[in-house]
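Structure, as C-alpha cells:
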Amino acid sequence: MFTRISSQRLPYLRRALLEWYDQNRRDLPWRNTRDPYRIWVSEIMLQQTRVAAVLPRYGKFLQRFPSTEKLASARVASVLAEWSGLGYYRRARNLHAAAKVIMHEFAGKFPDHSDEWRKLPGIGRYTAAAIASISLEEPVAVLDGNVDRVLRRLLHSASSSQSLKAAQELLDRTRPGDFNQAIMELGATVCLPGEPLCSRCPVSSFCRTRGPGELRSSKPRQRKLSVAVALVIRGDSVFLVQRAGGERLMSGMWELPRVDSPAHDREILFTVRHSITVTNYLVSVVVRPGAASLKGKWIKKSKLDRLALTGLTKKILRKANIIEERGPHVARTQEPVRRKTNGSSGSRGTRPAI
Ligand code: SF4
C-alpha cells in the first residue's frame, strides 16, 4: 500500500474529496465540457501559468481556433499571435504541430488512450493523464507539483518518488477525471505551498501532517536586470525585429530592437517593468532612430494586432498608445501554478527573451 491508508478507509477519503469538489470547485470554462480539444487547449495553457492569466485568453483562443481542423490549418504565426502574452511559446508551437498530426496522421480523430496522447508533440505524462481521465474517464492518475505536495503532506512522505504510485492507488475509478481535478483543486485552493488551510480541508482526518511539514515553499531569488529597447516610428509604421527561428525562447516572434543603455535620461521616453520567471526587468524605451538600420521591418500599426509580438513588446506598444489596451484586467491570485515535478523551465543559455 503506497498510501499507507487501509483499503477500508480509502473509499471514505475518495468520497470526502469528491463531495468537497462537487460543492466547492471553481466554475472554470474548461470544467463544463468533456470535449478533448477544449480540455487539451486548457491543459496546455495552464502549464506554468495561473488560472487568472489563462481565463481571458482561453475563450479568445477557442473563438479564433474553434477546432483541431482550424488550428491545424492556421499559420504558426497566427497561433503565436493569439498566444502572445501567455509566455512559454514552445507550448503554442507544439499545440499547432500536434493538431497537424491529429488531422494528417489520425484522420482528425483524437487518441483514445493516454499512451497515444503522449505520442503527440508537447504532451507529457501529466497532460496525457489529465486529458484522458477528464475526456475519456480513463482511470489514470495525474501528478503535477500541486498533487505531489498534497500527497506528500497527506501521507507524510519524504520524497516524490512514491507519489505517482500513491496517486494511482488513491484514484477513484468511477470518476477518475473529477477525482484528478479534485486533488488538483485541493492543492490550488486549500493545501497551499506556504501555509495550508487545514481547517478547511475535507481530508484532514486522513492527513498525517496537517501543516506545511517540510514542504513550506521558499520563493526563488529574483534577479534584477536593466535593458533598453528603441521605439522607432515612421509615419504609420513601427520598426520591429524578428527573433531568429533557432532561438530557444520565443523564436520567430517580433519585438522592438534591443539597444545599448541610454547615455542620458532625456533619451528615455518611458520605462516599464516586466518579469519573466526569476528575472525582473527594468526596460528603458528610448528614441534611437539609428536602430532602424538593424535587420528588421517597418510594420504598419494597423497590422500589429495580427502579428506574433512578445509580451513585453505588447506592453510597450500599449503604453505608447500604439495598440489598444487589453480587455478586462484579471487580478492575480495566490493560486499556485501547475509545475512539472521533475524540473523547471526557467530561462537558460540564450539571450533572455522578454
Ligand atoms: S490537512 Fe492540511 S496539510 Fe493535510 S492535506 Fe489537508 S490542507 Fe494539506
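Values in this text are rule-based calculations from the coordinates and carry no lab data. None of the values given here were measured: they were computed from a predicted structure. Positions of Cβ are backbone-derived with ideal geometry, glycine not excepted, and every protein chain shown enters the neighbour counts.
Could you check what % of the DSSP bridge pairs in the chain are antiparallel, to the nearest 5?
65 percent
Pick from Gly87, Gly59, Gly235 the residue whose mean-square fluctuation is largest in a GNM of the chain, springs joining Cα atoms under 10 Å.
Answer for the Gaussian network model of the chain: Gly235.
I need Leu55, Leu46 ordered by Cβ neighbour count within 10 Å, fewest first.
Fewest to most other Cβ atoms nearby, the residues stand as Leu55, Leu46.
Angle check, please: helix 10-24 long axis (alpha carbons) against the longest principal axis of the chain (alpha carbons), in degrees 0 to 90, nearest 10.
Once rounded, one gets 40 degrees.
Run the dipole for region 10-206 about the Cα centre, Lys and Arg Cβ at +1, Asp and Glu Cβ at -1, nothing else charged, and hand back the magnitude in debye, nearest 20.
540 debye
According to the square roots a ≥ b ≥ c of the eigenvalues of the Cα gyration tensor, what is the shape class of the chain, taking rounded for a/c under 1.5, prolate for a/b larger than b/c otherwise, and oblate for the remainder?
It comes out prolate by the Cα gyration axes.
How big is the gap, in Å, between the Cα center of region 169-237 and the Cα center of region 57-71?
With region 169-237 and region 57-71 each reduced to a Cα centre, they are spaced 26 Å.
Would you look at the GNM of the chain, springs on alpha carbons closer than 10 Å, and say which of Lys100, Lys224, Lys119 moves the most?
So, out of Lys100, Lys224, Lys119, the one fluctuating most is Lys224.
Compute the convex hull volume of the Cα atoms of region 109-221, divide it by the residue count, and report the result per residue in Å³ as a whole number.
Measuring per residue, one finds 117 Å³ for the Cα hull of region 109-221.
Test of understanding: in a Gaussian network model of the chain with alpha carbons linked when under 10 Å, which of Arg34, Arg25, Arg234 would top the mean-square fluctuation ranking?
In the Gaussian network model the winner is Arg234.
Any idea which of Cys201, Leu120, Pro212 is furthest toward the positive side of the dipole for the chain, if Lys and Arg beta-carbons carry +1 and Asp and Glu beta-carbons -1?
Highest projection toward the positive end goes to Pro212.
Put +1 on the Cβ of each Lys and Arg and -1 on the Cβ of each Asp and Glu in region 223-319; which of Gly311, Val285, Ile268 then has its Cα farthest toward the positive end of the dipole?
Gly311
Rounded to the nearest 20 Debye, what is the dipole magnitude of the chain about its Cα centre when Lys and Arg each give +1 and Asp and Glu each give -1 at the C-beta?
Here the chain has a charge dipole of around 960 debye.
So if a site counts as exposed when it's one of the GluC sites (Glu not before Pro), its DSSP state isn't H, G, I, E or B, and it has at most 16 other Cβ atoms within 10 Å, what's the longest stretch of the chain without one?
For GluC sites (Glu not before Pro) (loop position, at most 16 other Cβ atoms within 10 Å), the longest site-free span of the chain is 1-104.
Under the Karplus relation 6.51 cos²θ - 1.76 cosθ + 1.60, θ = phi - 60°, what is the ordered set of whole-Hz ³J(HN,Hα) values for region 184-198, x standing for Gly and Pro?
With the stated coefficients, region 184-198 comes to 5, 5, 4, x, 7, 10, 10, 8, 6, x, x, 9, x, 8, 4 Hz.
Only counting other Cβ atoms within 10 Å, I'd like Cys207, Cys191 sorted with the fewest neighbours first.
Least to most surrounded, the residues fall as Cys207, Cys191.
Return the calculated 222 nm mean residue ellipticity for the chain, to the nearest 500 deg cm²/dmol, obtained by summing -39500 (n - 2.57) across DSSP H runs with n ≥ 4 and dividing by the residue count.
When only DSSP H runs of four or more count, the value is -10500 deg cm²/dmol.
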